[in-house]
Amino acid sequence: MDFEAYLAPYAATSSHSRGRRYAEPASTSRTEFQRDRDRIVHCGAFRRLEYKTQVFVNHEGDLFRTRLTHSIEVAQIARSIARNLGLNEDLVEAISLAHDLGHTPFGHAGQDALHVCMKEYGGFEHNLQSLRVVDMLEQRYGGFDGLNLMFETREGILKHCTAAHAAELGDIGKRFLEKKQPTLEAQLANLADEIAYNNHDIDDGLRSGLLTVEQLETIDFFARHKREAEAAFPGIGGRRAINETVRRMINALIIDLIDTSRERIRASGVQTVEEVRIAGPLIAFSDSMRSEALLLKRFLRKNLYQHYQVNRMTSKARRVVTELFHIFMEEPALLPPSYQTARDAGIDDTQHTAVQARSVSDYIAGMTDRYAMREHRRLFAIEET
Ligand code: MG
């Protein structure tokens, strides 16, 4: 049965894929990208997303997004756009569900802190770490490390990358050096991520009380859709009004992305994935929607991500991650044995320190928020065991 027969000619397909790093017999019941999605859902790093911060730390409230629910929302948005454009839904879902696997505990605060700690050892970057998780760190299969995902899934996970890192990555880094595009599915997952977090951060910001409706009404995009919601349901208020506003905003962004991308794909004349790679970015918002989304982003940065109460958590997170990193580097014997690195023959002290640092970074990056806090207490609070 050809599960991919409905796809547009420019969609990525299992049969035209660049394949897996380790050859495996094809599945008779699933496409290769369904199989990737399933491997991601079953891996340990995916389950840990449940206890990793998006903006609000997990223990701050039960209704806030976590990295897990964020990833599920990204997949939902990406799939519905993919179906409209004839793109590969399974691939777009696999990329969406995996895109944040490499995130540290405590969101961006954790990542920034780990990057500073890792500066002299090549730095830390969450996209690169997501790829490291699926390529190496997950240990589930007899024949290989990692999940042995398809090239196009891995490429979608690596959405940004510095030229220096790209040069070390071989095949998968090449497009950054050649300035080529990834598949349309990868371009789509990237923008679905943006639609998801802009909207759910508004929702969570309001729920937390850190943002107010009055503040948000200074943003025309929000105010317009709120007026629409109130016109459809006169007298509506409270959470219902917010929900009706946010769903209209998400819908407007999705419709704009579908219409603009469809037109760009048509105008470009691309007929294959190879042509997609050498065309410019084809999945895009219209110019006017792009500027509205930008205003929303700026608003969130100023009013939510840099709110003093969020800053307090950010500061604490930075301390936890930094102190964990330094104590493990000073005393590697405190690490669980699987993260202690034996010195290989033929490498000097400096090289061995870099290997140990990467292993500490993998250990910390894999931690959930609450595990990191518990580990910090175990190591620094005298009364803990
Ligand atoms: Mg994300």
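The values are calculated or read from the model by the stated rules, or taken from the named source; none is laboratory data. The shown structure was predicted, so the numbers you read here are calculated from the model rather than taken from an experiment. Every residue, glycine among them, receives a Cβ derived from its backbone with ideal geometry; neighbour counts consider all protein chains shown.
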statement: Those residues of the range 79-101 which are among the small types (Gly, Ala, Ser) and more than 11 Å from the ligand (Cβ to nearest atom) amount to SER80, ALA82, GLY86, ALA94
Failed item, numbered, when ARG20 is tested on (1) within 21 Å of GLY205 (Cβ to Cβ); (2) surrounded by fewer than 19 Cβ atoms within 10 Å (Cβ to Cβ); (3) in contact with a strand residue (DSSP E or B) (Cβ under 8 Å, 6 or more places away or on another chain): (1)
message: Can you say whether GLU155 is within 16 Å of the ligand (Cβ to nearest atom), surrounded by 17 or more Cβ atoms within 10 Å (Cβ to Cβ) and either at negative phi or modelled with pLDDT under 95 (or both), as far as the supplied structure shows?
response: no
task: Determine whether SER268 is under 28 Å from SER96 (Cα atoms), more than 16 Å from the ligand (Cβ to nearest atom), at pLDDT 95 or above and hydroxyl-bearing (Ser, Thr, Tyr).
output: yes
- prompt: Within the range 23-39, is even one residue buried (at least 18 other Cβ atoms within 10 Å of the Cβ), within 16 Å of the ligand (Cβ to nearest atom), of a type outside the set (S, T, N, Q) and under 30 Å from ILE202 (Cα atoms)?
  reply: no
- prompt: LEU68 versus (1) of a type outside the set (Gly, Ala, Ser); (2) surrounded by fewer than 21 Cβ atoms within 10 Å (Cβ to Cβ); (3) within 16 Å of the ligand (Cβ to nearest atom); (4) more than 18 Å from GLY366 (Cβ to Cβ): which is the lone unmet condition?
  reply: (4)
field: ILE72 within 24 Å of GLY143 (Cα to Cα), hydrophobic (A, V, I, L, M, F, W, C), under 18 Å from the mean Cα position of the chain (by Cα) and modelled with pLDDT of 95 or more
entry: no
field: Flag for ARG20 being under 22 Å from ARG277 (Cα atoms), within 16 Å of the ligand (Cβ to nearest atom) and at pLDDT 95 or above
entry: no
message: Of the residues LEU128, LEU206, only one is free of Cβ contacts under 8 Å to residues at least 40 places away in the same chain, within 16 Å of the ligand (Cβ to nearest atom) and closer than 20 Å to GLN54 by Cα; which?
response: LEU128
message: With the structure loaded, tell me whether ALA284 is modelled with pLDDT of 95 or more and part of a helix (DSSP H, G or I) or whether it fails that test.
response: no
field: Some residue of the range 25-34 being more than 30 Å from GLN111 (Cα to Cα) and of a type in the set (Phe, Trp, Tyr)
entry: no
- prompt: Scanning for something without any contact (Cβ under 8 Å) to a residue 60 or more places away in the chain, away from the ligand (no atom under 16 Å from the Cβ) and in contact with a Lys or Arg (Cβ under 6 Å, 6 or more places away or on another chain), does the range 162-176 turn up at least one residue?
  reply: yes
- prompt: For ARG319, are the conditions met, namely being assigned to a helix (DSSP H, G or I) and either modelled with pLDDT of 95 or more or closer than 13 Å to CYS117 by Cβ (or both)?
  reply: yes
- prompt: Hey, does the range 105-115 have a residue that's small (Gly, Ala, Ser), more than 14 Å from the ligand (Cβ to nearest atom) and touching an Asp or Glu at 6+ places or on another chain (Cβ under 6 Å)?
  reply: no
Any hit, the range 231-254, residues being buried (at least 17 other Cβ atoms within 10 Å of the Cβ), touching a residue at least 12 places away in the same chain (Cβ under 8 Å) and within 16 Å of the ligand (Cβ to nearest atom): yes
field: Selection within the range 322-357 - surrounded by fewer than 17 Cβ atoms within 10 Å (Cβ to Cβ), within 19 Å of GLY123 (Cα to Cα) and small (Gly, Ala, Ser)
entry: ALA354
field: Tally, over the range 54-65, of residues that are more than 12 Å from the ligand (Cβ to nearest atom) and either touching a strand residue (DSSP E or B) at 6+ places or on another chain (Cβ under 7 Å) or touching a residue at least 24 places away in the same chain (Cβ under 8 Å) (or both)
entry: 8
message: I want to confirm something. Restricting to the range 182-197 and keeping residues that are surrounded by 20 or more Cβ atoms within 10 Å (Cβ to Cβ) and not aliphatic (A, V, I, L, M), which single residue is farthest from the ligand (Cβ to nearest atom)?
response: THR183
- request: From GLU93, GLU120, GLU60, grab the single residue that is surrounded by fewer than 24 Cβ atoms within 10 Å (Cβ to Cβ) and modelled with pLDDT of 95 or more.
  value: GLU120
statement: Taking first residues from the range 70-83 that are at negative phi and second residues anywhere that are within 13 Å of the ligand (Cβ to nearest atom) and among the hydroxyl-bearing types (Ser, Thr, Tyr), the pairs with Cβ under 7 Å that are 6 or more apart or on different chains are HIS70/TYR197; SER71/SER96; VAL74/SER96; ALA75/SER96; ALA78/SER96
